[in-house]
C-alpha cells in the first residue's frame with residue numbers, strides 16, 4: 001500500500017504548481033542572501049493548502065540551508081525563542097551550513113504568546129545574521145501587526161481548480177494510481193483552492209473501486225479578508241456574500257471597518273456609495289443593539305446588511321484596478337494605543353473631581369484642564385513646579401501623568 005507521505009512528496013520548487021510569482025520572489029530572496037545582500041525577513045502568507053510551507057522547505061533544500069523550524073505550540077514563550085531561534089539566527093550549523101529560521105503559523109499562535117514573546121521576536125530580528133521567514137494564513141491578522149513593517153510580504157493565492165486537477169493527475173501518474181479523471185476533476189472543484197485538502201481526498205479514495213467522491217463534502221474554510229471582500233463587492237446574488245460572512249473568522253467590527261474603508265474604492269458612482277453606506281449603517285445599528293440588549297438574534301440582520309446589502313448596492317460590476325487598503329481607523333487606533341490607555345488611567349483618577357464618566361473626561365475635561373494649566377503658567381499665576389505639586393497632591397496623579405496634562409497644550 002502506498003504510504004500517506006508519498007502523496008505529498010516534492011523534489012524541487014519546480015514541482016510546485018501555481019503561485020509562480022510568489023515562488024520567484026522566494027528564489028530572488030535566497031539568491032540575495034547567498035550573495036550577502038541585506039534583505040528584510042519574509043512574511044509568506046496565504047490560505048491553507050497553497051504550498052507556503054512546502055515552498056519554504058524546498059527553497060532551503062535547493063540552497064543547502066539548514067532549516068530551523070518552529071510551529072504549533074513551540075514558540076509561545078520568550079524563553080523558547082531565545083534558547084533556540086536566536087542562536088540559530090546568529091550562527092552556522094554544526095556542518096558549516098547557513099541556518100534559515102522559519103516560524104510557521106505565526107498568526108495562529110500570536111494570540112497565545114506570553115508577554116515577552118513578541119519582544120523576543122523583535123530581538124531575533126535585530127540580531128539575525130541568517131535569513132528569517134515567517135509563515136501565516138492572514139497577513140492582516142491584528143496579532144501580527146508588529147511584523148508587517150519589519151518584513152517583506154510574499155503572497156500565496158488559492159489554486160484554481162484546473163491547476164489542482166493537474167496536480168492530482170500528475171500524482172496519480174507518479175504513484176501508478178487508477179483513479180478516474182472525472183473523480184480528480186470533482187475533487188479539484190470541491191476543495192476550494194486547497195491543494196492539501198485535494199490530496200487528502202485523493203488518498204481517501206485511492207483504494208476504493210466505487211465513486212467515492214460522492215461522500216467528499218465541501219469543507220468549511222477560513223476566508224481571507226481580500227477574498228471575503230471580493231465575494232461581497234462582486235456578488236450577483238444575496239446568498240453568496242451572506243454565506244461568506246458566516247464562514248469567516250473576521251470579527252464584525254473589523255469587517256465593518258474594512259467595508260467602510262473600501263466602499264469608495266469599489267463603488268465609483270455616488271448612488272452606489274449611498275446605498276452601500278446606508279446598508280453598512282444599518283449593520284452597525286443592529287450590531288450595537290445586539291451588544292446593548294445582549295440579544296444576538298439581531299446579528300442575522302447585521303450580517304445581511306453588511307454582506308448582501310453592500311454587495312447588491314452596485315449598478316454595474318466594480319473596477320478591479322484598485323487594490324483594497326487597510327482601514328485607516330485601525331491604523332490610527334493601533335498607533336495611539338498607549339496614549340489612549342494613559343489618558344484613560346488619568347481620567348479614572350479624575351472621576352472623583354469631575355463626577356463624570358471616563359469617556360466624557362477623556363474627550364472633554366482633560367483638554368479643558370490642560371488648557372487651563374497652560375494658561376495659568378503662561379500668565380505667571382502659578383509656576384510649573386507648583387502645578388506639578390498640585391496635580392499630584394490634589395488630584396492624585398503620579399509624576400508621568402501630571403507631565404502628560406502639562407504638555408498637552410504646552
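The values are calculated or read from the model by the stated rules, or taken from the named source; none is laboratory data. Values in this document were obtained by computation on a predicted structure and should not be read as measured data. Here Cβ is always computed from backbone atoms with ideal geometry, including for glycine, and neighbour counts include all displayed protein chains.
Could you grab me the full set of residues in region 260-284 that are over 18 Å from residue 315 (Cβ atoms) and touching a residue at least 40 places away in the same chain (Cβ under 8 Å)?
If the condition is that a residue be over 18 Å from residue 315 (Cβ atoms) and touching a residue at least 40 places away in the same chain (Cβ under 8 Å), then 260, 261 are the ones that fit.
Residue-by-condition table, conditions (1) farther than 30 Å from residue 144 by Cβ; (2) surrounded by 13 or more Cβ atoms within 10 Å (Cβ to Cβ); (3) modelled with pLDDT under 75:
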{"residue": "289", "(1), (2), (3)": "yes, yes, no"}
{"residue": "312", "(1), (2), (3)": "yes, yes, no"}
{"residue": "316", "(1), (2), (3)": "yes, no, no"}
{"residue": "322", "(1), (2), (3)": "no, no, yes"}
{"residue": "325", "(1), (2), (3)": "no, no, no"}
{"residue": "340", "(1), (2), (3)": "no, no, yes"}
{"residue": "346", "(1), (2), (3)": "yes, yes, no"}
{"residue": "377", "(1), (2), (3)": "yes, yes, no"}
{"residue": "393", "(1), (2), (3)": "yes, no, no"}
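Checking residue 96 against (1) at pLDDT below 75; (2) part of a helix (DSSP H, G or I): exactly one of these is not met. Which one?
(2)
For residue 109, state whether it is over 25 Å from residue 146 (Cβ atoms) and at pLDDT below 70.
No.
Is it the case, given these coordinates, that residue 250 is assigned by TED's automatic domain parsing to the domain that holds residue 311, within 27 Å of residue 137 (Cα to Cα) and part of a loop (DSSP other than H, G, I, E, B)?
For residue 250, the condition - assigned by TED's automatic domain parsing to the domain that holds residue 311, within 27 Å of residue 137 (Cα to Cα) and part of a loop (DSSP other than H, G, I, E, B) - is met.
Return the residue satisfying two criteria in turn: it lies in region 2-42 and is at pLDDT below 90 and at positive phi, and of such residues it is surrounded by the fewest Cβ atoms within 10 Å (Cβ to Cβ).
If we take residues in region 2-42 being at pLDDT below 90 and at positive phi, then 36 is surrounded by the fewest Cβ atoms within 10 Å (Cβ to Cβ).
Go through the residues of region 56-78 one by one and say whether even a single one is farther than 15 Å from residue 130 by Cβ, touching a strand residue (DSSP E or B) at 6+ places or on another chain (Cβ under 7 Å), at pLDDT 90 or above and not in a loop (DSSP other than H, G, I, E, B).
Yes; the residues of region 56-78 include at least one that is farther than 15 Å from residue 130 by Cβ, touching a strand residue (DSSP E or B) at 6+ places or on another chain (Cβ under 7 Å), at pLDDT 90 or above and not in a loop (DSSP other than H, G, I, E, B).
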